[in-house]
Amino acid sequence: MSILSVVPAGVVTGDNLRKLLNYAKEHKFAIPSFNCTSTSTVNAALEAARDAKSPVMIQFSNGGGAYFAGKGLDNKDQTASIIGSVAGAQYVRAVAKAYGIPVILHSDHCAKKLLPWFDGMLAADEAYFKLHGEPLFSSHMLDLSEEPKEENIEICVKYLKRMAPMKLLLEMEIGITGGEEDGVNNEDVDNAALYTQPEDIWDIYREFSKITDLFTIAAAFGNVHGVYKPGNVKLHPELLGKHQEFVKGKLGTADSKPVFFVFHGGSGSTAEEIKTAVEFGVIKMNIDTDTQFAYWMGLRDFYESKKAYLQSQIGNPEGADKPNKKYYDPRVFIREAEKGMIKRVHQAFKELGSANTL
Ligand SMILES: [Zn+2]
């Protein structure tokens, strides 16, 4: 049995999303989620997924959404972030099916101060639901890990109640994932906060389960957002196994992996660390920093190799009257950036075990 006999191609939500995540957990692979900021980066992720025969997640961050709508647009009251994230989602919906792969459409970290962004996207989901019987997005992320645990859970529960009727999945974060991402800086927090405790996972699981089973947890196990020099924070993906055991014990279930975990801040992790995390129930891993660099490298390498053709509209080493249009056309150089990203995206499918699962 393969994924496409379980869920259809195109954006998957609700019951199909649950089926897809269960399939991943059962078959011990995770689906990479790529932060996209443009149609170009969306296309790169989709193209690589199609060629790798893998499902894929596309996610828009608050800043990525605003960028999608245009840097010139005012982001007062989160307007640009809402418009851009919704436009990005609509774009993904327009093309996803043509790539022949299941796509999970997601929004990334939303801290407390950004809740108006979250509300705006939910309004778009509700409008879409009225028309099509499913939400626009597959899932959204609330990151209230900077707030006390009780408040974190309370706000998540409040939103889950609004999301559950649409079968919209919620991803939440507990504990602090170090590093900096999208303007949130966690570089000098206590080391103990970098490792989530099993009791925390159970508190979340217990409260969320009263409403829905469509939720995932980003636990802190020494992960760091962005690439940093290795410091005293050590990655302990095996802690996720302890969390699973704890929840299993509380539930008294035969299911050895009752929790869906997601892996944040995995840039620079070894293949072995990723494998361990997946083994213990990670079904999604965020990838942003590495694909950003790969996109840049694609462009940089192109520029370096074609430098002499990129200095003027006319005139290159082949002759003073030779045109350079086929080098400076954005379709050419942006495509080279995409090729760089595509290569890195393929690596993610391979490392997470999602390649050749369709
Ligand atoms: Zn995170």
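The values are calculated or read from the model by the stated rules, or taken from the named source; none is laboratory data. These numbers come from a predicted model, not from an experiment. For neighbour counting, all protein chains shown are included, and Cβ atoms are generated from backbone atoms with ideal geometry for every residue, glycine included. Keep in mind that these areas ignore ligands, DNA and RNA; they rest on the heavy atoms of the full protein, side chains included. Shrake-Rupley method; radii C 1.70, N 1.55, O 1.52, S 1.80 Å.
Observations on the structure shown:
- Selection status of Leu122, within 16 Å of the ligand (Cβ to nearest atom) and either touching a residue at least 12 places away in the same chain (Cβ under 8 Å) or crowded, with 19+ Cβ neighbours inside 10 Å (or both): no
- Listed by position, the strands (runs of 3 or more DSSP E) enclosed by the stretch 203-292 that each have at least 2 residues that are more than 20 Å from Val56 (Cβ to Cβ) and within 16 Å of the ligand (Cβ to nearest atom) are 215-219.
- If you go through the stretch 125-162 and keep only what is in contact with a Phe, Trp or Tyr (Cβ under 9 Å, 6 or more places away or on another chain) and more than 16 Å from the ligand (Cβ to nearest atom), you end up with Asp125, Tyr128, Glu134, Pro135, Leu136, Phe137, Ile153, Val157, Tyr159, Leu160.
- Scope the stretch 310-335; condition in a helix (DSSP H, G or I) and open to solvent by 50 Å² or more (accessible area, probe 1.4 Å); matching residues: Lys325, Lys326, Tyr328, Pro330, Arg331, Phe333, Ile334, Arg335
- Wholly within the stretch 1-118, strands (runs of 3 or more DSSP E) carrying at least 3 residues that are over 19 Å from Phe129 (Cα atoms) and open to solvent by less than 40 Å² (accessible area, probe 1.4 Å): 31-35, 56-60
For every residue, the table says whether it meets (1) more than 24 Å from Ala355 (Cβ to Cβ); (2) among the charged types (D, E, K, R).
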site: Met1; (1), (2): no, no
site: Ala9; (1), (2): no, no
site: Asp15; (1), (2): yes, yes
site: Lys19; (1), (2): no, yes
site: Ile31; (1), (2): no, no
site: Ala44; (1), (2): no, no
site: Ile82; (1), (2): yes, no
site: Tyr91; (1), (2): yes, no
site: Val95; (1), (2): no, no
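- Test: residue in the stretch 201-217 that is buried (at least 23 other Cβ atoms within 10 Å of the Cβ), more than 30 Å from Ala96 (Cβ to Cβ) and modelled with pLDDT under 95: no
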